[in-house]
Amino acid sequence: MIDIITVAQTKAFARQDGALLALLWIAAFFCTLFIPGGSLGRILTLSTPLFVFWRLLSFRDYALEGIISYRKALYYCVFTFFYASFIFAVIQFIYFRFFDSGQFMGLINTTALSVISTYKEKGIDVEKDILASIEPMMQLSPLNLSFIFMIQNVIIGFIISIFLAFLGKVIKRKQNI
């Protein structure tokens with residue numbers, strides 16, 4: 001039987017933690033965009049599973065007294081990623097629509113050119129293929145671009161959630177002596 005109060009509580013924690021995760025992603029996005037040579041943006045992005053796992057354990061220990069089922073942990077993680085993806089997509093849309101002026105696409109183009117030069121050093125000619133693959137992306141509207149990132153984040157978040165929920169159920173709470 002479904003306990004409505006538990007579902008509402010899980011969604012409330014997922015919303016709060018989704019907002020925190022969105023802040024992490026926003027920081028990573030702007031670090032990647034404005035410090036392209038630095039690794040801070042990549043580090044923040046790669047810390048996503050650790051951040052969600054930490055928040056899952058906090059939710060389990062604070063709200064559920066240290067015991068969580070796999071289904072509830074999966075539900076929490078999936079909704080956390082969903083809410084974070086939605087908030088992040090809104091912020092990205094606002095940025096792409098009003099503030100970008102081609103900087104993001106310039107970063108994509110620069111990255112593609114560096115990939116092309118790396119392949120050329122190896123003796124592989126992929127310039128035509130890479131340029132043909134990024135050309136449709138250059139034509140996307142801010143709404144389409146934000147939507148693609150949102151769907152990508154939701155799908156990757158779902159896959160990560162499967163593993164995080166398992167770990168959240170298996171790893172036991174520390175007992176205070």
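The values are calculated or read from the model by the stated rules, or taken from the named source; none is laboratory data. In this text the structure is predicted, and so the values were computed from the model without any measurement. Glycine also receives a Cβ, built like all others from the backbone with ideal geometry; neighbour counts cover every protein chain displayed. Note: accessible area is taken over every heavy atom of the protein model, side chains too, but ligands, DNA and RNA are not part of it. Shrake-Rupley method; radii C 1.70, N 1.55, O 1.52, S 1.80 Å.
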Practice task
Please indicate, with yes or no, whether at least one residue in the range 94-105 is open to solvent by less than 80 Å² (accessible area, probe 1.4 Å), charged (D, E, K, R) and in a helix (DSSP H, G or I).
Solution key: no
Exercise for the section: Test Arg42 against the criterion of being surrounded by 15 or more Cβ atoms within 10 Å (Cβ to Cβ) and at negative phi, and give yes or no. Expected result: no
Practice task
Answer with yes or no whether Ala132 is among the small types (Gly, Ala, Ser) and within 22 Å of the chain's Cα centre (by Cα).
Solution key: no
Handout entry: Hey, Ser161 open to solvent by 70 Å² or more (accessible area, probe 1.4 Å), of a type in the set (Gly, Ala, Ser) and either outside any loop (DSSP other than H, G, I, E, B) or farther than 24 Å from Gly18 by Cβ (or both) or not
Key = no
Problem - Any chance Phe51 is of a type in the set (Phe, Trp, Tyr), in contact (Cβ under 8 Å) with a residue 60 or more places away in the chain, on the phi < 0 side of the Ramachandran plot and crowded, with 17+ Cβ neighbours inside 10 Å - result: no
Fill in the blank from the handout: Per the list (1) aliphatic (A, V, I, L, M); (2) surrounded by fewer than 18 Cβ atoms within 10 Å (Cβ to Cβ); (3) farther than 20 Å from Gln152 by Cβ, residue check on Leu33 breaks on (3)
Fill in the blank from the handout: Over the range 71-92, the set of residues within 16 Å of Asn144 (Cβ to Cβ) and either crowded, with 20+ Cβ neighbours inside 10 Å or over 15 Å from the mean Cα position of the chain (by Cα) (or both) is Ser85, Phe88, Ala89, Gln92
Completion exercise
Checked the range 136-158 for anything of a type outside the set (A, V, I, L, M), farther than 24 Å from Thr48 by Cβ and outside any loop (DSSP other than H, G, I, E, B); matches are Pro136
